[in-house]
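Structure first, commentary second.
The values are calculated or read from the model by the stated rules, or taken from the named source; none is laboratory data. Because the structure is a prediction, the values reported are computed rather than measured. When we count neighbours, we look across all protein chains shown, and the Cβ atoms used for this are built from the backbone with ideal geometry, even at glycine. We work out accessible area using only protein heavy atoms, side chains counted, and drop any ligands, DNA or RNA first. Shrake-Rupley method; radii C 1.70, N 1.55, O 1.52, S 1.80 Å.
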Amino acid sequence: MRADRAPLLRLSCVIAALLAVALVSRAQDTAGSPASTGQAAEAGATAGQAARSAAQTHLGLLSGGDWSAAWEGWSSGAQRHVPRDTYVRTHRICHPLLAVPFQTVRAVPLDRRTVDIGWQGGEASGTLRMVSERGVWRVAPTRTQLARYENGPDAAVAALRGRGECDARQAEARTTSFVRRMT
């Protein structure tokens, strides 16, 4: 009977050792993390850095004219409010900051899932509100920013022109060249 127990005892010891290693490893992984130590300032810095990185990527998409990918970086609520086609068509006509190098200049955490990112590029500057959705940082435009798109791309272009963000001659030239490319 003793001979039968020896392999079982060895297997039990191996399993126990593996569990102990896994538990110690997990404890070491979380021991220094901001959430486990309660260091909110460190957690805010981490969220701010991640949000700032996502904002920089978004700004790069805008500068590069990748409107569809920029829209993909919006929050789910913003995407429900503004269809991709409306956003893309608006900015194919009116894109005053195309090819302008943008830089994020500050990150202000509002809570662990919301960070305001200050940016500047060329003569322009502004703030992007970034929200964490399912672990991904996304742009959350304000209601005012979303409102310009609610009546379609033509109304959005008119609103941008009214704000001085879209030169009528440039928009007309873009529309004409876009139409020429389509034919």
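Checking region 69-83 against the condition returns a match, with at least one residue being over 14 Å from the mean Cα position of the chain (by Cα) and open to solvent by less than 40 Å² (accessible area, probe 1.4 Å). What about L61, is it part of a helix (DSSP H, G or I) and open to solvent by 40 Å² or more (accessible area, probe 1.4 Å)? For L61, the condition - part of a helix (DSSP H, G or I) and open to solvent by 40 Å² or more (accessible area, probe 1.4 Å) - is met. Yes or no: region 95-108 includes at least one residue that is touching a residue at least 40 places away in the same chain (Cβ under 8 Å), surrounded by fewer than 19 Cβ atoms within 10 Å (Cβ to Cβ) and over 16 Å from the mean Cα position of the chain (by Cα). Yes. Quick one: would you say E172 is in a helix (DSSP H, G or I) and either exposed (fewer than 12 other Cβ atoms within 10 Å of the Cβ) or at pLDDT 90 or above (or both)? Against the criterion (in a helix (DSSP H, G or I) and either exposed (fewer than 12 other Cβ atoms within 10 Å of the Cβ) or at pLDDT 90 or above (or both)), E172 qualifies. Here region 117-139 is the region considered, the condition is being open to solvent by less than 20 Å² (accessible area, probe 1.4 Å) and among the hydrophobic types (A, V, I, L, M, F, W, C), and the residue that is nearest to S75 (Cα to Cα) is V139.
Within region 74-94, residues that are on the phi < 0 side of the Ramachandran plot sit with their Cβ atoms under 9 Å from residues that are acidic (D, E) and assigned to a helix (DSSP H, G or I), at 6+ positions apart or across chains, in these pairs: Q79/E72; R84/E72; R89/D154; T90/D154; I93/D154; I93/E172.
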